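The numbers here are math on the coordinates, done by the rules we state, and not lab data. Computed from a predicted structure; not experimentally measured. Cβ placement follows ideal geometry from the backbone for every residue including glycine, while neighbour counts extend to all protein chains displayed.
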Amino acid sequence: MMLARVADSLYWIGRYVERAEHMCRLSDVMLNATLDRSEAATQVARIALAAVGDPDLAKAHNPYDAAQALALDREDDGSIYSSIARARENARQVRDQITTETWERLNLIYLRMSGPEAAKAFADGSQLFLHDTIADLHLFKGAGDATMSHGEGWSFLLLGVYLERAQLIGSLLEVAFGEGRKRRPISDHFALTSVLRMGCALEPYLRVYTAEMQRRYILKFLMLDEDFPRSIRFCTQEIETHLTAITRHAGISGPAGPDRIAGRLRARLQYADMAELEAQGATAFLKTVLEECSTIHRALYDAFVAYPLEDRLPA
Amino acid sequence: MRDEPTAEAESPLRPYDEMLTPDSQVRPHYAALDARLATLSPAELAERQRTQERFFLLQGITFTVYGAESSTERIIPSDILPRIIPSAEWARIEAGLKQRLQALNTFLADIYSEQQILMDGVVPRELVLQAPSYRREMQNLYVPHKAYANVCGSDLIRQPSGEFAVLEDNLRVPSGVSYMLANREASRRVFPGTFRGAGVRSIDRYPDLLLSTLKSMAADWRPNPQVVVLTPGVYNSAYYEHAYLARLMGAPLVEGRDLVVHDNMVYMRTTTGLRRIDVIYRRVDDDFIDPLTFRRDSSLGAAGLFNAYRAGNVVICNAPGTGVADDKAVYAYVPEIIRYYLGEEPILPNIETFLCREPAQLSHVLANLDKLVVKAVGASGGYGMLVGPHATRAQRAEFADALTANPENYIAQPTIQLSTAPCLIDGEVEPRHVDLRPFILCGEKIVVTPGALTRVALKKGSLVVNSSQGGGSKDTWVLSDGKGDRG
């Protein structure tokens with residue numbers, strides 16, 4: 001049992017923290033690509049910008065400014081700063097529910113990003129800055145994992161993390177490999193490696209598929225791998241696990257309960273066949289996955305957070 | 001309180017120094033700290049001060065300053081040098097605080113039922129019944145153990161004579177206890193050796209004692225009551241404290257929007273539906289508890305909450321209407337209130353107070369405006385106040401007019417010399433004025449935590465300890481039996 005408002009905040013902490021981490025990685029890969037003044041570098045920057053949802057792809061010609069704005073722009077709701085600030089604001093609202101160890105990590109990241117030294121630190125070493133932020137976000141998750149009770153609240157936080165991750169990876173794959181776009185498909189080795197880096201998947205990928213960079217394998221790995229924590233399939237497994245735990249706890253279940261929708265999505269990914277998927281087209285498949293994620297989000301709200309009071313009043 | 005104002009002029013008495021005797025000898029209970037300080041260079045001390053500030057910042061023990069362009073979070077300055085109180089002095093403070101709270105709760109129970117004390121003419125009837133903090137709605141409402149004020153944070157000061165006196169009783173929603181606990185956590189790190197050797201009494205049980213106090217308020221009708229902390233929300237300046245206490249008690253921290261009142265029962269919205277609440281430790285002012293009963297425009301409480309309280313289905317702590325007992329005019333009668341209910345002499349004295357509603361006292365106040373501090377009865381936080389010695393002639397004239405026009409609105413007190421304690425200012429140890437805010441809990445029984453928030457006026461010579469006006473705080477070490485007592 002926990003307050004509905006608290007569950008909501010924990011869920012959003014998970015989402016914002018995951019979003020911030022993903023944005024850091026995209027910026028980092030984008031900056032890394034600028035070191036290499038090839039056409040592929042511009043292509044990588046364009047993928048990164050499209051994946052963060054920036055409509056102005058002309059910025060791809062000046063990746064440093066784009067990365068700096070993405071990191072520190074306070075006016076932009078989509079910046080890393082904004083995600084961190086919101087995660088921290090949510091944490092402050094449920095300060096009694098998270099352990100001091102966990103809070104300290106998040107507060108530290110926020111203080112560094114909001115302090116007067118942030119812009120200078122970014123200018124002095126932007127990749128180091130992003131790298132440190134990612135490392136601190138890992139520490140935050142680790143501190144939570146090691147010190148918080150793995151009960152209902154933790155499940156809500158992780159639901160936020162995995163739903164956000166599934167959607168972010170889904171959007172990245174759609175941008176990089178979707179059909180029906182004007183761009184020609186990515187085949188360049190450097191660009192393919194960069195996509196894997198954006199999904200923090202390069203090293204795990206190499207262990208499975210070796211250094212053979214193939215668009216098909218990458219798609220398969222990031223979508224359907226059973227063990228890689230950033231594959232969409234893995235995310236849906238986690239979403240199902242945590243939703244089942246919460247639903248069991250609440251004693252509510254119905255034909256349209258969020259746990260069932262999650263189970264259906266997990267099964268779809270678990271039994272997906274790559275050949276079939278390619279025949280259908282990756283775009284259509286990813287679109288379905290992203291829609292299902294939104295449905296789970298809404299079902300979660302209807303069941304646990306914004307339920308109608310009349311149904312729950314004592315007789 | 002006195003009928004005839006005395007004409008004694010405030011002699012420029014030297015303020016009491018917590019560490020040094022008048023002939024500059026270190027008092028025995030400060031000897032260990034003094035010896036430790038002698039071994040540390042200004043640079044080392046400054047480094048420790050920075051470590052402490054970082055600790056507060058990391059913990060998020062901050063308050064928000066809203067500016068025109070952006071808002072920033074600041075820490076409340078915390079001085080690393082502890083203020084030390086020997087056990088015998090503390091024993092007297094503790095006994096005095098218990099006596100005082102017991103009398104004030106009895107007073108509240110009386111004025112909200114039989115009003116015997118008003119009928120006996122000990123306290124003027126209109127003074128109580130016309131006070132803005134008097135809540136008619138509380139009349140004849142059953143309050144378990146007659147514990148109206150469950151959490152009290154009195155402000156004490158040490159007079160030049162060395163005697164502690166009560167400056168103010170805070171019986172509404174006193175705050176500061178989280179700073180007491182955070183200062184302790186910090187000072188244990190800064191002076192571990194000195195702390196260990198001193199025999200400092202532990203304050204760690206405060207959250208535990210608070211919880212059992214709150215539970216005792218519903219114990220006779222619910223075996224294991226559900227306690228919650230009600231906060232106005234994250235934008236309240238004391239939000240850190242609300243979250244801190246909720247976390248350490250293991251009680252949910254709720255906001256008004258989490259509450260639902262149905263059939264005179266109070267529930268909170270949880271992930272598994274509605275859950276009944278038995279005790280609300282509210283950190284929301286009376287006016288905002290229930291828009292149906294008090295202020296209509298408030299969304300900080302819950303509609304129908306007060307009726308649920310009246311029906312006996314939930315307990316609100318502190319009870320609404322306790323403010324009438326810490327009213328500045330009623331304050332002057334507290335010694336009489338203690339004598340009336342307990343038949344005892346007050347252990348802790350009041351500060352001499354002139355009630356302008358009494359003509360004889362008014363004329364004394366008007367004649368001595370340049371020496372007195374005049375306070376508006378209903379105001380708090382330093383508003384509506386005249387500090388005579390520091391005021392201009394025009395300001396005094398303005399107040400004289402206000403006093404004559406509306407005498408019952410004002411009280412006056414002599415300018416009080418707060419005691420001084422050593423503080424670290426820019427790496428140097430210097431005396432600064434301090435007060436003392438201990439915390440008293442009252443449910444089935446009264447408990448005083450052996451510690452306090454010592455507030456510090458960080459500006460040299462300043463007597464204002466409020467955090468909004470350049471004040472800070474420091475840890476307070478209450479020594480255990482036989483430690484640090486004279487002789």
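Before moving on, here are some points about what is shown:
- Converting phi to 3J(HN,Hα) with the Karplus coefficients 6.51, -1.76 and 1.60 and the offset θ = phi - 60°, region A:287-303 yields 4, 4, 4, 5, 5, 4, 4, 5, 5, 4, 4, 5, 5, 4, 5, 5, 7 Hz in sequence order, with x at every glycine or proline.
- Between B:Val266 and B:Ile277, the built amide H atoms are under 5 Å apart, and every one of these is 5 or more places off in sequence or on another chain.
- Magnitude of the charge dipole, region A:161-307, Cβ model with Lys/Arg +1 and Asp/Glu -1, debye to 20: 300 debye
- In a DSSP loop and with at most 12 other Cβ atoms within 10 Å, the GluC sites (Glu not before Pro) in region A:1-82 are A:Glu75.
- Chain A: most fluctuating residue of A:Ala45, A:Ala166, A:Ala201 per GNM, C-alpha cutoff 10 Å: A:Ala201
- Mean per-residue shielding of peptide B:54-61 is 3, counting Cβ atoms of other chains within 10 Å of each Cβ.
- Among B:Ala332, B:Gly321, B:Leu366 the positive-end extreme of the charge dipole of the protein assembly as shown (Cβ point charges): B:Gly321
- Inter-centroid distance (Cα atoms) of region A:270-315 relative to region B:165-193, Å: 50 Å
- Computed from backbone phi with θ = phi - 60° and the Karplus coefficients 6.51, -1.76 and 1.60, the 3J(HN,Hα) list for region B:409-422 is 7, 10, 10, 9, 9, x, 5, 9, 7, 5, 5, 10, 9, x Hz; x is used for glycine and proline.
- Counting beta carbons within 10 Å around each of A:Arg92, B:Arg396, B:Arg158 and listing the fewest first gives the order B:Arg396, A:Arg92, B:Arg158.
- Among A:Thr102, B:Thr272, B:Thr21, the order by Cβ neighbours within 10 angstrom, fewest to most, reads B:Thr21, B:Thr272, A:Thr102.
- Mean shadow area of the protein assembly as shown over all directions, Cα convex hull, nm²: 39.9 nm²
- Inter-chain Cβ neighbour average for residues A:3-10, partner chain, 10 Å: 5
- Rounded to the nearest 20 debye, the dipole magnitude of region B:252-411 is 400 debye, with +1 charges on Lys and Arg beta carbons, -1 on Asp and Glu beta carbons, and the Cα centre as origin.
- In this rough spin-label picture, where each label sits 7 Å from Cα along the Cβ direction, the B:Asn307-B:Ser24 distance is 7.1 nm.
- Separation of alpha-carbon centers, region A:39-87 and region B:283-349, rounded to whole Å: 55 Å
- 5 angstrom amide H check on B:Ser78, placed H, neighbours 5+ away: B:Ser473
- Shape call, chain A: gyration tensor on alpha carbons, a/c limit 1.5: oblate
- With R₀ set to 41 Å, the beta-carbon distance separating B:Tyr235 from A:Arg298 gives a calculated FRET efficiency near 0.90.
- Cα gyration tensor shape for chain B, rounded if a/c is under 1.5, else prolate or oblate: oblate
- The GNM of chain A, with springs linking C-alpha atoms under 10 angstrom apart, assigns the highest mean-square fluctuation among A:Arg248, A:Arg260, A:Arg15 to A:Arg248.
- Using a Gaussian network model of chain A in which every pair of alpha carbons under 10 angstrom is joined by a spring, one finds that among A:Ala60, A:Ala118, A:Ala41 the greatest mean-square fluctuation is at A:Ala118.
- Phi-derived couplings, Karplus 6.51 cos²θ - 1.76 cosθ + 1.60 at θ = phi - 60°, listed residue by residue for region A:134-144: 4, 4, 5, 5, 5, 4, 4, 5, x, 5, x Hz, with x used for Gly and Pro.
- Note on B:237-243: average number of Cβ atoms from other chains within 10 Å of each residue's Cβ is 2.
- Region A:150-225 versus region B:399-447: alpha-carbon centroid distance in Å: 63 Å
- Of the residues A:Phe140, B:Phe56, the one with the fewest other Cβ atoms within 10 Å heads the list, and the complete ranking is B:Phe56, A:Phe140.
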